[in-house]
């Protein structure tokens, strides 16, 4: 029975054990590769380029555009067209009441795209940092569970001997085997989680999942953000997402101004054209003083007296600007609430971390006491001496509390980094040199 139980536990851990050699990647390298290769950053960069092109398009409306063409052909009878050997034309916007607003709108849209890209970069840094730190935590937890597995196997061995000797009931052996199965299940979950984290890091950084192994010593410590020093508008001021939303709302507001000023206001456009007409056509038979070289230049003035379509468009643009401003206000309020919630979570998780550390310290002290008693005796007359199975149980408890403590520490780090990201300060943290670890 004892050997069978050991084979079952060993088989479970062998099946879920990771295989293959992995290469180490530092924290800074992972973040840098993510900022270069992640799809959200590439999408944001493309949106910035699109906004830059929109600014150029709105400004270039004042620059003349030149067109060269030809409509060479033969005509018979009365000329029905102007077949030309070649023609050159130029046209540009000379003055418009709306165009300056459209230029302001495009520039505000560019600022919004740039701020959104910055916000995207911060989110990518947060995702990469959390995945990297969690992978480090999971690796430490798996190592601790491997040690716990060895203690469980020894406990199963001891309980099997005691059951065979009639010293313990089969219930104790079943409990030991159940503990082993629970440890194996927890380890399986962590191994699957590590694989998922490596895949996510591979997608962010562009590396192969088999090349990713974390270096704990390269991770900067997550700073504790004091709620007293980061409240009100101070915390929102660094949020690039909120600033991007307001810049986008301003862009739509300028666009609505431009659409409204297209009504009942003149627009001036410059135009010029040169045509060289063919000599073999019969224009000279129907036109007095026909000549082959022709040129015209002038200003075109357009005054929209009534245009229902433009009026409706102006109303729609104004409504979009109002909606965008309200959405920016809503995002600002949500960011403020999120900061407050993260500050509260940080305080709670700090307390949970202290509890987990004390529990782990207590389990370590209990293990030391049992180990000492096993070597030196109970130390008091009439007191029952601890058994070897008690030592293995204490070791199992200590490793279990250690794994729980690592999980609590990661949750606290996650809350702190999320707070930094919401405040727009995570990029400075990611570029910081990690402090030496004790």
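The values are calculated or read from the model by the stated rules, or taken from the named source; none is laboratory data. On a predicted model such as this, the values are computed, not experimentally measured, just so you know. Positions of Cβ are generated from backbone atoms using ideal geometry, with glycine treated the same way; all protein chains shown enter the neighbour counts.
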Checking residue 338 against (1) within 30 Å of residue 83 (Cα to Cα); (2) surrounded by 15 or more Cβ atoms within 10 Å (Cβ to Cβ); (3) modelled with pLDDT of 90 or more, which single condition isn't satisfied? (1)
Can you tell me which residue within the range 14-31, out of those that are surrounded by fewer than 17 Cβ atoms within 10 Å (Cβ to Cβ) and in a helix (DSSP H, G or I), is modelled with the highest pLDDT? 29
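Considering only the range 58-99, state which residues are part of a helix (DSSP H, G or I), free of Cβ contacts under 8 Å to residues at least 60 places away in the same chain and surrounded by 14 or more Cβ atoms within 10 Å (Cβ to Cβ). Steps first, answer last, please.
Of the residues in the range 58-99, the ones part of a helix (DSSP H, G or I) are 58-62, 99.
Filter once more, so that each one left must be free of Cβ contacts under 8 Å to residues at least 60 places away in the same chain: 58-62.
Passing the criteria: 58, 59, 61, 62.
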Got a number for residues in the range 214-242 being in a loop (DSSP other than H, G, I, E, B) and either modelled with pLDDT of 85 or more or under 19 Å from the mean Cα position of the chain (by Cα) (or both)? 8
Of (1) under 30 Å from residue 47 (Cβ atoms); (2) crowded, with 20+ Cβ neighbours inside 10 Å, residue 208 satisfies every one except (2)
Among what's in the range 380-406 and is more than 49 Å from the chain's Cα centre (by Cα) and over 14 Å from residue 153 (Cβ atoms), pick the residue that is modelled with the highest pLDDT. 387
Out of everything in the range 243-283 that is crowded, with 17+ Cβ neighbours inside 10 Å and assigned to a strand (DSSP E or B), what residue ends up being modelled with the highest pLDDT? 267
Test each condition in (1) more than 30 Å from residue 257 (Cβ to Cβ); (2) surrounded by 15 or more Cβ atoms within 10 Å (Cβ to Cβ) for residue 324 and report the one that comes out false. (1)
Given (1) over 30 Å from residue 158 (Cα atoms); (2) modelled with pLDDT under 95, residue 56 misses just (2)
Considering the range 284-313, residues that are in a helix (DSSP H, G or I) and over 36 Å from the mean Cα position of the chain (by Cα), and then whichever is farthest from residue 97 (Cα to Cα), we arrive at 285
Those residues that are surrounded by fewer than 13 Cβ atoms within 10 Å (Cβ to Cβ) and farther than 20 Å from residue 413 by Cβ, I need them from the range 341-370; list them, please. 365, 368
Yes or no: residue 34 over 28 Å from residue 416 (Cβ atoms), outside any loop (DSSP other than H, G, I, E, B) and in contact with a helix residue (DSSP H, G or I) (Cβ under 8 Å, 6 or more places away or on another chain)? no
Give all pairs with beta carbons closer than 6 Å in which a residue from the range 355-373 that is over 16 Å from residue 407 (Cα atoms) meets a residue that is at pLDDT below 95 and outside any helix (DSSP H, G or I); count only pairs at least 6 apart in sequence or on separate chains. 370/386; 373/386
Determine whether residue 185 is assigned to a helix (DSSP H, G or I) and either out of contact with any helix residue (DSSP H, G or I) (no Cβ under 9 Å at 6 or more places or on another chain) or surrounded by fewer than 15 Cβ atoms within 10 Å (Cβ to Cβ) (or both). yes
